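A.B. asks: So that we are looking at the same thing, I have put the structure below in structure tokens.
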Amino acid sequence: MHDSASQGNDCLTGGEESVPPQDEGYRERWISTVEHTPVEGWDPPGPGARLRFLRSARRVAMLGVSPKPERPSNFVATYLISSAAHFQVDFVNPAAPEVLGRPTYPSLADLPEPPDIVDVFRAPEHCPEVAREAVEAGASVLWLQLGIWSPEAARIALDAGLDVVMDRCLKVEHARFHGGLHLAGFDTGVVSSRRYGP
């Protein structure tokens, strides 16, 4: 399992309102431009709903988290296990025995307890299968990170009674709601591992 950044579609920012003006091409380069294909019978949850998901969650499973510190999922993982957040965090990556000194699990099915939120760092084409695994694992929320949008995955989760968030960074959302946009050593103007140039 690989960080979705390796697929070229994982760009994490604090949202357009938090991006500092640095150069003319900055916003175009870093703001998520993924197409939001409509999902029948579902509207993206607003701030109140997202805050409710975060407040009610006790356990978060990060699927696709990378052991490489330069990857966005590793940044998010560092934040989620810090004192800035209140979650019990499980890492899921069959290709890495541990991340940030913590053991990983090969799949959601191997977790010791059902996760409240499954935070997904996978390319969109893998998300429908991830959604099925999240349903089987007993998750309450399927959360696809910024730059990831999968109507098929959303439909699978919604039909099973899960709440769905797509194209949002869990770390940034939590920090924004809890007044910690600069906690744990992050300036959330940009957190990305997209590769540009050679």
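Read the figures in this text as sums done on the coordinates, not as results from a lab. Small disclaimer: the values here were computed from a predicted structure and weren't measured. Cβ coordinates were reconstructed from backbone atoms using ideal geometry, including for glycine residues, and neighbour counts include every protein chain displayed.
A.B. asks: For the range 69-119, what is the Kirkwood hydrodynamic radius in Å, using each pair of distinct C-alpha atoms?
C.D. replies: Evaluated on the range 69-119, it is 11.6 Å.
A.B. asks: Here's another thing I want to ask about it. At HIS178 and ARG55, where each label point lies 7 Å from the Cα along Cα→Cβ, what is the point-to-point distance in nanometres?
C.D. replies: 1.4
A.B. asks: In whole Å, largest first, what are the principal axis extents of the Cα atoms in the range 107-160?
C.D. replies: So the three principal-axis extents are 29, 21, 15 Å.
A.B. asks: Of the peptides 43-55, 64-76, 143-155, how do they stack up when ordered by the mean number of other Cβ atoms within 10 Å, highest first?
C.D. replies: Order by mean packing, descending: 143-155, 64-76, 43-55.
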